[in-house]
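Q: The following block contains the structure, expressed as structure tokens.
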Amino acid sequence: MIYDLIIVGSGPAGLAAAIYAQRAKLSTLVLEKEYMSGGQVVNTYEVDNYPGLPEIGGFELGMKFREHAEKLGASFLNIEVRHIGLEEEGRIKVIYTDREEYRARALILAMGAKHRMLGLPGEKRLTGMGVSYCATCDGAFFKGRATAVVGGGDVAVEDALFLARGCSKVYLIHRRDELRAAAVLQEQLKKCENVEFLWDTEVAGIEGDDHLECLKLKNKKTGEERMLDVDGLFIAVGTVPNTTSITNLLQLDENGYIVAGEDGTTNVPGIFAAGDVRTKQLRQIVTAVSDGANAVTSVQAYLNTL
Ligand code: NDP
């Protein structure tokens, strides 16, 4: 079978695209790496900037997107894309996986992004043993204990706010002396009595045998080093795009994001990018969702040219 459209990814961008594609009556298949993966939103404790749904839980919002797509009849398949190829002078796009091949006239790539690592020795070894990338997933294990969050963006501040509710102490470690997180989040965090900000500080070492015991910190201005005992370290230093499967075909920027504008158009006719995986100024749920809608509009225009 040759679909009109295959959507790769089932985060907010992929699901919005699925909703628009169903409404446009395109024969569509959504491929997702993990069953009901839902993207980064499902691991967000609370979302307070999605219009009309203040303070909604990230998991709940993610599930609402999915239920909406399913209600309209979207088909999902749980499979990992290995790479993408072209047939018939590019008119057919082929998705290669470890099992089957899937063909469509158009693709929307909405694979999102994953956690960036600090790249320190001990980081991988102690992941799951005190080191985590998801406060809402693992924070409950550290109730009444001391934790640290590294990063200065929305995610780091949201994580610290979440942890401050249950942990005895939360250190927010940031490499500069100001946060880039939304002002409203910063204000909330500064009010938490059990949160201490460690400015101009980098994590230079993650130490422990079979579980995290302490961090080696370095002050970037003074060069001073110190050890900090914590039970948990939450790393929230941004994301890297999930684009390893498509490097053969698409133009990426220097950070690995697919070069594409608001309409999702990439350097390959009929392949569109939506959400966090594309070059853009603001990576938010609301912009991911609008990307999904825009990309389907572009797909429809493209299919009319075939
Ligand atoms: P960001 O890129 O916004 O922030 C990453 C933070 O990590 C920055 O403070 C950066 O420092 C720091 N950092 C990066 N690399 C390192 C490193 N190697 N060592 C130490 N620190 C480092 O990422 P987020 O994950 O916070 O957010 C990703 C996107 O998702 C953002 O656009 C954010 O707005 C969005 N988001 C949207 C939400 C929503 O819609 N409700 C909720 C949460 C996030 P520096 O500041 O010095 O560059």
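Q: Over the alpha-carbon set of segment 4-56, work out the extent along each principal axis and list the three values in angstrom, largest first.
A: Here the spans come out as 36, 25, 11 Å, largest first.
Q: Counting only DSSP beta bridges with both residues in segment 43-141, what percent are antiparallel, rounded to the nearest 5?
A: In segment 43-141, DSSP labels about 90 percent of beta bridges as antiparallel.
Q: Run the helix sum for the chain: -39,500 (n - 2.57) per DSSP H stretch of 4+ residues, divided by residue count, reported at 222 nm to the nearest 500 deg cm²/dmol. Mind showing how you got there, number by number?
A: Values: 6 runs with 70 residues, N = 306.
My calculation for the chain gives -7000 deg cm²/dmol from helical runs alone.
Q: Would you mind calculating the relative contact order of the chain from Cα pairs under 8 angstrom and at least 6 residues apart, reporting the percent as a whole number?
A: This gives 21 percent for the chain.
Q: Where the accessible area of the chain is counted over protein heavy atoms with a 1.4 Å probe, how much of it, in %, is carbon and sulfur?
A: That share works out to 48 percent.
Q: Which percent, nearest 5, of DSSP beta bridges in segment 84-176 are antiparallel?
A: 55 percent
Q: Given segment 71-208, report the % of alpha carbon pairs whose separation exceeds 25 Å.
A: Tail of the P(r) past 25 Å holds 47 percent of the pairs.
Q: Take the alpha carbon atoms of segment 188-252, find their radius of gyration, then divide it by 2.2 N^0.38 Å using N residues; give the quotient.
A: Normalised by 2.2 N^0.38 Å, the Cα Rg of segment 188-252 equals 1.61.
Q: So for the chain: antiparallel DSSP bridges make up what percent, rounded to the nearest 5?
A: Antiparallel bridges: around 45 percent, rounded to the nearest 5.
Q: Which number do you get for Rg(Cα) / (2.2 N^0.38 Å) in segment 259-300?
A: So the Cα radius of gyration is 1.01 times the expected 2.2 N^0.38 Å.
Q: Below 16 Å, Cα to Cα, which aspartates and glutamates can Lys220 reach? Residues fewer than 8 away in the same chain don't count.
A: Leaving aside aspartates and glutamates fewer than 8 places away in the same chain, those within reach of Lys220 are Asp177, Glu178, Asp200, Glu202.
Q: OK, next. For q values of 0.11, 0.20, 0.26 Å⁻¹, compute log₁₀ I(q)/I(0) with the Debye formula on a Cα-only model of segment 222-304, without solvent.
A: -0.42, -0.89, -1.30
Q: Continuing with the same structure: Output the pairs from Lys143/Lys216; Lys33/Lys280; Lys33/Lys218 with a Cα-Cα distance over 27 Å in this structure; if there are none, say none.
A: Cα-Cα > 27 Å for Lys33/Lys218; rest within.
Q: Over segment 168-281, what is the relative contact order in percent, taking alpha-carbon pairs closer than 8 angstrom and at least six residues apart?
A: 15 percent
Q: Based on the mean of other Cβ atoms within 10 Å per residue, sort peptides 52-61, 270-279, 143-152 so the most packed one is first.
A: By packing density, highest mean first, the sequence is 270-279, 143-152, 52-61.
Q: Separate question: Over the heavy atoms of Ser290, what accessible area does a 1.4 Å probe trace out, to the nearest 10 Å²?
A: My reading of the accessible area for Ser290 is about 50 Å².
Q: Sorted by mean Cβ packing within 10 Å, highest first, what order do the peptides 229-236, 27-34, 248-255 take?
A: 229-236, 27-34, 248-255
Q: Return an integer: the convex hull volume of the alpha-carbon atoms of segment 23-110, in Å³ per residue.
A: Details: hull volume 10.6 nm³, N = 88.
It is 120 Å³ per residue.
Q: Let me ask you something else. Defining a contact as two alpha carbons under 8 Å apart and six or more residues distant in sequence, what relative contact order in percent does segment 214-306 show?
A: In percent, rounded to a whole number, it is 18.
Q: Would you mind getting the accessible area per residue of the chain, heavy atoms of the protein chains only, 1.4 Å probe, in Å²?
A: Per-residue value: 49 Å².
Q: Something else about it: Taking only complete DSSP H runs, can you tell me which helices of the chain stretch 27 Å or more along their own long axis by Cα positions and average at least 0.0 on the Kyte-Doolittle scale? Intermediate values should be presented prior to the final figure.
A: Numbers: long enough: 285-305 (31 Å, 0.61).
Span-like helices here: 285-305.
Q: After finding the eigenvalues of the alpha carbon gyration tensor for the chain, what semi-axes result from the square roots of 5 times each, listed largest first in whole Å?
A: 39, 20, 17
Q: Binning at 5 angstrom from zero up to the longest distance, how are the C-alpha pair distances of segment 118-176 distributed in percent?
A: 4, 20, 30, 26, 17, 4
The values are calculated or read from the model by the stated rules, or taken from the named source; none is laboratory data. A quick note: this is a predicted structure, and the numbers were derived from the prediction, not measured. As a convention, Cβ positions derive from the backbone with ideal geometry for all residues, glycine included, and neighbour counts pool all protein chains shown. Note: accessible area is taken over every heavy atom of the protein model, side chains too, but ligands, DNA and RNA are not part of it. Shrake-Rupley method; radii C 1.70, N 1.55, O 1.52, S 1.80 Å.
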